[in-house]
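Some notes on the structure that comes next.
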Amino acid sequence: MSRFSLPRTLLVATKEFADLLRDRKSVFWALFAVAISGPLVIGILYFVTKSVTERIEKTVAPIVNPQFAPDFVRFLERRGIKIDADPTDYEARVKRGDLDAVIVIDMNFAENLAQGRPAKITLITESSRDRSAPIASRLAREIRGYSEQIGNERMILRGVSPSVARPVQIDELDLSTAEQRGARLLQIMSFYALFAGLMGAIAAALDVTAGERERQTLEPLLTTPVSTLELAIGKWLAVSGVNLLAVTMSLVGFWITLSFVPLGKLGIPFNFGWREFSGFMAVLIPFAFMVPAVLLVFGSTGKTAKEAQSSLSMGVSLVGLLPLMSFLRQSKAPWWDAWVPVNGQYAVLSKVLRAESIPALDWAAMLAVPVVVCAAAIVVFSKRLGDEKLLAGR
Amino acid sequence: MIAVEGLSKQFSVRERRSVFSLRANTRMVNAVDQVSFTAHDGEVTGLLGPNGAGKTTTLRMLSTLLTPDAGKALIDGADLIRERGTIRRTLGVLGDAKGLYWRLSARENIEYFGKLQGLPSKLVAQRTNTLISELGLSELADRPTQGYSQGERMKVAIARALIHDPQTVLLDEPTNGLDIMSTRSMRELIRGLKAQGKCVLFSSHIMQEVAALCDRIVIIASGRVVFSGTPQEVLETTGLTSLEDAFVKLIGTDEGLFA
């Protein structure tokens, strides 16, 4: 066997890359899907957030029997809430979702209030409907505020400090900064960036493995001086090249979208500038090389093109399922979190978006894990390419 | 020159009694059993045998795709097992799998293999041009091979195998599926190689074809060599006047042709 030759490896890589790009339709659809999906998600999120904010601002309070509590109605009006007096058939409409929540004033409200007895207001809601939750909680907050205001006035009248009735003061210190809240909304971006690094490789990996079986071009190749290791590395470089294109397209797509969508107006000070862009690239470039290596191993399994294809879909699901670890975890991430392929990338990308500082060890994982995975996968892949059983068993 | 001595190859075959049975029996099958022959430079040697006789396996071993279980072979003095690199450079192979890259043109397909052989790009371009015009591919050389006819594809595959001007040429059923015109031009090409002093070993299951081209015939049946000699010697040994009858007699059964 002739020794490893770099020029020959690059020759294989160039040929495979050119060949892959000739497949205009597959390349176009893969890159199109990748470039469009992220911006689409951000666009949808933007409009959803915008409409929620607007609905909370323009809250309308349907009140049954407003005449029994004119003070309360004025209180609400001062708080900028429009009143919809005496809605008909309100329980069914709340159930159906036509109304988010309804306030019902008790018939004896004024009398009870005047005599210092608890006066009753009923808030009718449908808590299983997420869409109505922000409105319902705003109304509940306003009712509590009204009650507190009257309570304070009464205590002051009696010469008691209102703080007597508040032995414990709850002071919520929410550690999520405004920046972090915005990033939480857009963590989906990390997911779609990884998605690009997977999508970009599938069609290409399929073509250079199962496609080579289908075309019956592997056997002629192996009668030339090219070694299976040179072939494996060449193919891997070519597929990674296509994958890098996909990742870059997806990030550029995000960048363009985020410069058009005014997230700042919604109180989401989300930033996707040079810092985030380069952070993403630092994680995604090694990732874009790692995924093809794994997919090529799966694609080279099996004697027929069809077997190779189904084995490759197995590899795709494996890569796709790993970030679920982060999604579903209830406890704090263990120290080795960043060292689990795919899951680690997801975690670090999220940190980049949250503007957190990333320890050097995490960066080490972002580089070391792909290097080890690639090396192992390429060795297996090259062994598979030269496997006699796959040739003879056809 | 190819000198083959006692070349053998076994395959394991898995057999299952029914679709649902979990256990499969593994059985060893002798695909090629103690095959010996010699193919000389400036001669065309035909490897003749019914389907499944072991022709392709023999050629695959000679083209370094499969490692023989036993026996040895020398190609121009280079050992098949220990000097694979040398052998691959001196060998031109049109194997059982003759696939092309669909999205690449004939020229790109041929040039890729020339560069893989380590030839300088200038020489590759020059040789590619020569082969394209010799094989009559000039008009479609820059179109993707996807739309080619079977004969045109075969020509590209042959050009790809000859790009580095190999001294020894292995051809596995080179006329399979070709029409009469393409078959004739393939025969001419083989005669041309012979005239250049190359060693040509080609396999076929068609007696007439072998008779028309070969200086020497090696007949294989069930993995074994049953006869080796000139076409004249085939007739003399069997005492028959028709090569086809002689072939049937030598392989021992007339079923073999249809198996």
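Yes or no, residue by residue, for (1) more than 18 Å from A:PHE72 (Cα to Cα); (2) assigned by TED's automatic domain parsing to the domain that holds A:GLY80; (3) touching a strand residue (DSSP E or B) at 6+ places or on another chain (Cβ under 7 Å):
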{"position": "A:LEU99", "(1), (2), (3)": "yes, yes, yes"}
{"position": "A:ILE103", "(1), (2), (3)": "no, yes, yes"}
{"position": "A:GLU148", "(1), (2), (3)": "no, yes, no"}
{"position": "A:VAL160", "(1), (2), (3)": "yes, yes, no"}
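Can you tell me which condition A:PHE17 does not meet? The list is (1) aromatic (Phe, Trp, Tyr); (2) farther than 30 Å from B:THR86 by Cα; (3) modelled with pLDDT of 85 or more; (4) under 36 Å from the mean Cα position of the chain (by Cα), and all the others hold.
Condition not satisfied by A:PHE17: (2).
Do the conditions hold for A:GLU16, that is, is it acidic (Asp, Glu), farther than 30 Å from A:LEU113 by Cβ and surrounded by 19 or more Cβ atoms within 10 Å (Cβ to Cβ)?
Taking the combined requirement at face value, the residue satisfies it.
As an exercise: evaluate B:THR86 against (1) in contact (Cβ under 8 Å) with a residue 40 or more places away in the chain; (2) part of a helix (DSSP H, G or I); (3) facing chain A (nearest Cβ under 9 Å) and give the number of the one condition it does not meet.
With respect to (1) in contact (Cβ under 8 Å) with a residue 40 or more places away in the chain; (2) part of a helix (DSSP H, G or I); (3) facing chain A (nearest Cβ under 9 Å), B:THR86 is out only on (1).
When the residues of the stretch B:135-147 are filtered to those that are in contact (Cβ under 8 Å) with a residue 24 or more places away in the chain and part of a helix (DSSP H, G or I), which remaining residue is surrounded by the fewest Cβ atoms within 10 Å (Cβ to Cβ)?
The extreme case among them is B:GLN146.
Only residues in the stretch A:267-282 that are small (Gly, Ala, Ser) count as the first member; pair them with residues that are at pLDDT 85 or above, Cβ under 8 angstrom, at least 6 apart or cross-chain, and list the lot.
A:GLY279/A:LEU349; A:GLY279/A:VAL352; A:GLY279/A:ILE358; A:ALA282/A:TRP363; A:ALA282/A:MET366
Filter the stretch B:81-122 down to residues that are surrounded by 22 or more Cβ atoms within 10 Å (Cβ to Cβ) and in contact with a strand residue (DSSP E or B) (Cβ under 7 Å, 6 or more places away or on another chain) and give me whichever is nearest to B:LEU162 (Cα to Cα).
Looking at residues that are surrounded by 22 or more Cβ atoms within 10 Å (Cβ to Cβ) and in contact with a strand residue (DSSP E or B) (Cβ under 7 Å, 6 or more places away or on another chain), I get B:GLY92.
For the stretch A:46-82, name all the residues that are assigned to a strand (DSSP E or B) and surrounded by 16 or more Cβ atoms within 10 Å (Cβ to Cβ).
Of everything in the stretch A:46-82, those that are assigned to a strand (DSSP E or B) and surrounded by 16 or more Cβ atoms within 10 Å (Cβ to Cβ) turn out to be A:ALA61, A:PRO62, A:ILE63, A:VAL64.
For the stretch B:200-225, enumerate the residues that are in a helix (DSSP H, G or I) and modelled with pLDDT of 95 or more.
Across the stretch B:200-225, there are no qualifying residues.
Considering each residue of the stretch B:13-26, count those that are surrounded by 11 or more Cβ atoms within 10 Å (Cβ to Cβ) and assigned to a strand (DSSP E or B), and give that number.
Counting residues in the stretch B:13-26 that are surrounded by 11 or more Cβ atoms within 10 Å (Cβ to Cβ) and assigned to a strand (DSSP E or B) gives 1.
Are any residues in the stretch B:98-122 within 10 Å of chain A (Cβ to nearest Cβ), farther than 24 Å from B:ASN176 by Cβ and of a type in the set (Lys, Arg), and if so, which ones?
B:ARG103, B:LYS115
For A:THR49, all conditions in the list (1) within 14 Å of another protein chain (Cβ to nearest Cβ); (2) farther than 30 Å from A:LEU237 by Cα hold save one; what is the number of the exception?
Answer for A:THR49: the failing condition is (1).
For residues that are over 17 Å from A:PHE68 (Cβ atoms) and outside any loop (DSSP other than H, G, I, E, B), tally how many sit in the stretch A:114-138.
So the count comes out to 10.
Name the residue, out of A:ALA133, A:ALA92, A:ALA165, A:ALA203, that is at pLDDT below 80 and over 29 Å from A:PHE272 (Cα atoms).
The unique qualifying residue is A:ALA165.
Got a number for residues in the stretch B:28-77 being farther than 27 Å from B:LEU250 by Cβ and more than 13 Å from chain A (Cβ to nearest Cβ)?
2
Hey, could you check the stretch A:251-294 for residues that are of a type in the set (Gly, Ala, Ser) and not in a helix (DSSP H, G or I) and say which is modelled with the highest pLDDT?
Step by step, filter the stretch A:251-294, then rank; the result is A:GLY273.
For B:ILE81, indicate whether it is within 14 Å of chain A (Cβ to nearest Cβ), under 17 Å from the mean Cα position of the chain (by Cα) and of a type outside the set (Lys, Arg).
Here the answer is no, as B:ILE81 does not meet what is asked.
Considering the stretch B:163-190 alone, what residues qualify as being under 17 Å from B:LEU213 (Cβ atoms) and in contact (Cβ under 8 Å) with a residue 40 or more places away in the chain?
Correct list: B:THR168, B:VAL169, B:LEU170, B:LEU171, B:ASP172, B:GLU173, B:PRO174, B:SER185, B:LEU189, B:ILE190.
Just for the stretch A:212-221: of the residues that are touching a residue at least 40 places away in the same chain (Cβ under 8 Å) and surrounded by fewer than 23 Cβ atoms within 10 Å (Cβ to Cβ), which one is nearest to the other protein chains (Cβ to nearest Cβ)?
The selected residue is A:GLU219.
Assess whether A:LYS383 counts as being in the same structural domain as A:ASP207 (by TED's automatic domain parsing) and part of a loop (DSSP other than H, G, I, E, B).
Criteria not met by A:LYS383.
What pairs can you find where one residue is in the stretch A:62-90 and within 16 Å of A:ILE121 (Cα to Cα) and among the small types (Gly, Ala, Ser), the other is assigned to a helix (DSSP H, G or I) and modelled with pLDDT of 85 or more, and their Cβ atoms are less than 6 Å apart, with a gap of 6+ or different chains?
A:ALA69/A:PHE109; A:ALA85/A:PRO66
If you go through the stretch B:228-247, how many residues are surrounded by 16 or more Cβ atoms within 10 Å (Cβ to Cβ), modelled with pLDDT under 90 and closer than 17 Å to B:SER204 by Cβ?
Total meeting the criteria: 5.
The values are calculated or read from the model by the stated rules, or taken from the named source; none is laboratory data. A quick note: this is a predicted structure, and the numbers were derived from the prediction, not measured. Please note: Cβ atoms are built from the backbone with ideal geometry, for glycine as well, and neighbour counts cover all protein chains shown.
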